[in-house]
Structure formats: structure tokens, C-alpha cells
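K.L.:
Input: one structure, supplied below.
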Amino acid sequence: MSDLNVSHEYFTWKLVQDVAEENGYFEDEGVDADLSYFAPGTQEFDGENAFDADWWDDMDEDGGTHGVCEWNAIQEVSETDRDIVGSYSEWDRVVFVDAANDAETIDDLRGRSVGINKYATSFYSMREMLENEGFDDDEIVLEHVGSAEERFEAVKAGEVDSIAVLEPFVTLGRYDEELKEVFDGPCRAAITTREQPDPEQLEGFLTALNRAVADINDDLEGFTDRYVELLESEAADGDAFGDVNFERLHEEFELREFLPVRAPDEDRIGATTEWMRDKGFVSDDADIGTAEELDEDEVIPAEDEVETTAD
């Protein structure tokens, strides 16, 4: 049986991984998969921001394969001999303001601060998303706050005008009675690896995950409580999440269909790469390698692709 260790920042994979393991899907596919989750935007690295940080070296202790946001994946691959071996899309990247804030839409935040972790992918992604919303450079104000818990506290204390977070903090924020959502954008993600895995090993890993995705999508209502329990566990030790109305979350939350993991999306990765090149975050001659050997049609039938969103 082949080993595959993956460090990832995607909370929803916790549920997918549990289902895959419970049903023996990794074992069926001949893969001994070890998936370790780290909360998004909590890393602290040397340098001024993600562009200055070799963040992937710190993560390699848990394995050379990473599930990270597409922007960071491209930076990682452009500066090392790694390849992008998979693409997937996860739940939204959301901007919240304090409930009493006068901002109602993202346009109201021109020239006003957005609290992020500058060492994480939001350094890139929020900049591109705000540009796509028509913001000029001098209207984009990104401030380093740190962890999502610190961001919840900072925006409520008025230390920043808004904050940007990923899941599970997206759903926690949507049920936090002291926060108000003003923007949501796509969280594009990719899987990178230090050493190109055997194509059969990689295909088995993705197939096992996607068998679990299919199980969840076929019984969304049945898996909703399990996902909410994961949310409660994530928030249990954080004082900043004391305003989350879990009673309402239990009553109203609807788990939506997951998008299966697939072979690298060349068009999407190419567009992100060109934006990063234009900004000087990726050199013009960087080779953004992808795993071309993987048979995408065998791993994920096109008719099964469903965009993942958060409630």
C-alpha cells in the first residue's frame, strides 16, 4: 500500500476524510492517506508577507504534498521543483464587518482596512478580488491581524473596518450576531507535491476522496449534523466565537453539494498565474508544472462536477 501525506487548510476535507476512512475507500484504492488539517491563515513566517515567505518549507515536516489556495500553490511551484497535481474549489472567501458598521457592500470598503493574515493566501487573493471589483491600488488597504479568532475580535473592537476569512470561519461568521457579510468570492484551491507521486497512487487518492464526496452529496441532510458538530468543535476553545448562534445554525444550516477534486484546471491556473506575473509575484520565466499524466475523465466524470458553496 502506498503512503501519501497531505497537509491541507480545507476544513470541509475533515468531513470528506472521515467518510472515506470510515468506508475503507483509501484502503480499497491501495493508498495509506494521512491528511493533516491546519487552520487557514494562522501561519506565522519570516518576512513582510506571503511573497517573502518560503512557507512550504515549514509545512514539509508533515509531508511534501499540500492542499492550499491556488495563489500560494502557484508561488510554491514557481520557486521550487514541485508540481500542481490537483484542482478543487472550496467554500467562499467572505468579508465581514461589525453588525453596526455602515458598510453594506464591498464598494463601501474602498480605502478602508481589511484584516487578513498577510503571510497566507489572502495577501494575494483579496487583492485580486478587490481589483476585480474595480478597486484602485490606493483603495486596497490590507492589514495583518493574524488568526481568524483574532480577526473576529479585531473587527468587533473597531481595530479594522472589515475582515476576510475562509471556512469554517465563514459559516461561524454568518451565524455570528455581531457580524455582517458584505462580500463573498471564490476560494480557488490546488494540490501541490514535492515529488511527483505515482499516477496510480494519486488517482487512487483522489478517487477515494471523491467516493466520499459522492456519499455526502447523495445524503446532504444526513451529513448536516456531522458538519455542524465539526463547526462546534472548531469554535469550542475560541472566546471570539461566543456570539455565534449555534441554535439558529442547527435549525437553518443546509449542507450543499461538494465539488469533487479533479486534475489540474489548466485554464484557471493559467489565469491566476498571469495575474501573479503582472503583479511581480511570479517571474516571467517560471515553469508552473502540472501533473499531465492524470486521467481526469477517470477520476471525475464531467457531469458530476458541482460548484461548492457555503450556506
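The values are calculated or read from the model by the stated rules, or taken from the named source; none is laboratory data. Source: prediction; values computed, not measured. Cβ sites come from the backbone with ideal geometry, for glycine too, and all protein chains shown count toward neighbours. Protein only, heavy atoms only, side chains kept; ligands, DNA and RNA dropped before computing areas. Shrake-Rupley method; radii C 1.70, N 1.55, O 1.52, S 1.80 Å.
K.L.:
Can you find even one residue in region 227-237 that is crowded, with 19+ Cβ neighbours inside 10 Å, touching a helix residue (DSSP H, G or I) at 6+ places or on another chain (Cβ under 7 Å) and among the β-branched types (Val, Ile, Thr)?
P.N.:
Checked region 227-237: no residue is crowded, with 19+ Cβ neighbours inside 10 Å, touching a helix residue (DSSP H, G or I) at 6+ places or on another chain (Cβ under 7 Å) and among the β-branched types (Val, Ile, Thr).
K.L.:
(1) farther than 23 Å from residue 177 by Cβ; (2) surrounded by 19 or more Cβ atoms within 10 Å (Cβ to Cβ); (3) touching a Leu at 6+ places or on another chain (Cβ under 8 Å): which one isn't true of residue 95, the others all being true?
P.N.:
(1)
K.L.:
Okay, moving on. Suppose we filter region 55-76 for residues that are within 20 Å of residue 186 (Cβ to Cβ) and either of a type outside the set (Gly, Ala, Ser) or modelled with pLDDT under 70 (or both); how many remain?
P.N.:
9
K.L.:
For the structure I just gave you, tell me whether residue 277 is under 30 Å from residue 128 (Cα atoms) and charged (D, E, K, R).
P.N.:
Yes; evaluated as a whole, the condition is true for this residue.
K.L.:
Does residue 268 satisfy the condition of being under 28 Å from residue 70 (Cα atoms), open to solvent by 10 Å² or more (accessible area, probe 1.4 Å), touching a helix residue (DSSP H, G or I) at 6+ places or on another chain (Cβ under 9 Å) and outside any helix (DSSP H, G or I)?
P.N.:
In short, no.
K.L.:
Can you pull out the residues in region 167-198 that are hydrophobic (A, V, I, L, M, F, W, C) and out of contact with any Gly (no Cβ under 7 Å at 6 or more places or on another chain)? If you could, list the steps in order and put the result at the bottom.
P.N.:
Residues of region 167-198 that are hydrophobic (A, V, I, L, M, F, W, C), as a first pass: 169-170, 172, 179, 182-183, 187, 189-191.
169, 170, 172, 182, 183, 187 - these are the residues of region 167-198 that are hydrophobic (A, V, I, L, M, F, W, C) and out of contact with any Gly (no Cβ under 7 Å at 6 or more places or on another chain).
K.L.:
Which residue, of 193, 207, is of a type in the set (S, T, N, Q) and either touching a Lys or Arg at 6+ places or on another chain (Cβ under 8 Å) or open to solvent by 40 Å² or more (accessible area, probe 1.4 Å) (or both)?
P.N.:
193
K.L.:
Tally time: how many residues in region 104-118 are over 18 Å from residue 158 (Cβ atoms) and surrounded by 24 or more Cβ atoms within 10 Å (Cβ to Cβ)?
P.N.:
1
K.L.:
If you don't mind, there's one more thing I want to ask. If a residue must be open to solvent by less than 80 Å² (accessible area, probe 1.4 Å), in a loop (DSSP other than H, G, I, E, B) and at pLDDT below 80, how many such residues does region 34-53 contain?
P.N.:
9
K.L.:
Let me ask something else. With 277, 226 as the choices, which residue is part of a helix (DSSP H, G or I), without any contact (Cβ under 8 Å) to a residue 40 or more places away in the chain and among the basic types (Lys, Arg)?
P.N.:
Working: 226 fails: without any contact (Cβ under 8 Å) to a residue 40 or more places away in the chain.
Only one candidate passes the filter, namely 277.
K.L.:
Of all residues being modelled with pLDDT of 80 or more and either in a strand (DSSP E or B) or in contact with a Cys (Cβ under 6 Å, 6 or more places away or on another chain) (or both) in region 1-33, which is nearest to residue 92 (Cα to Cα)? Just the residue, please.
P.N.:
The extreme case among them is 33.
K.L.:
Can we say residue 134 is modelled with pLDDT of 95 or more, out of contact with any helix residue (DSSP H, G or I) (no Cβ under 6 Å at 6 or more places or on another chain) and more than 29 Å from residue 277 (Cα to Cα)?
P.N.:
no
K.L.:
If residue 212 passes every condition in (1) over 30 Å from residue 57 (Cβ atoms); (2) surrounded by fewer than 22 Cβ atoms within 10 Å (Cβ to Cβ); (3) touching a residue at least 24 places away in the same chain (Cβ under 8 Å) but one, which one does it miss?
P.N.:
The one condition residue 212 does not meet is (2).
K.L.:
Somewhere in region 83-105, is a residue more than 24 Å from residue 13 (Cα to Cα) and without any contact (Cβ under 8 Å) to a residue 40 or more places away in the chain?
P.N.:
yes
K.L.:
Out of the residues in region 119-135 that are crowded, with 20+ Cβ neighbours inside 10 Å and of a type in the set (S, T, N, Q), state the one that is farthest from residue 106 (Cα to Cα).
P.N.:
Here the residue is 121.
K.L.:
Only one of 252, 257 is at pLDDT below 95 and open to solvent by 40 Å² or more (accessible area, probe 1.4 Å). Can you tell me which?
P.N.:
Step by step, each of 252, 257 is checked, and only 257 is at pLDDT below 95 and open to solvent by 40 Å² or more (accessible area, probe 1.4 Å).
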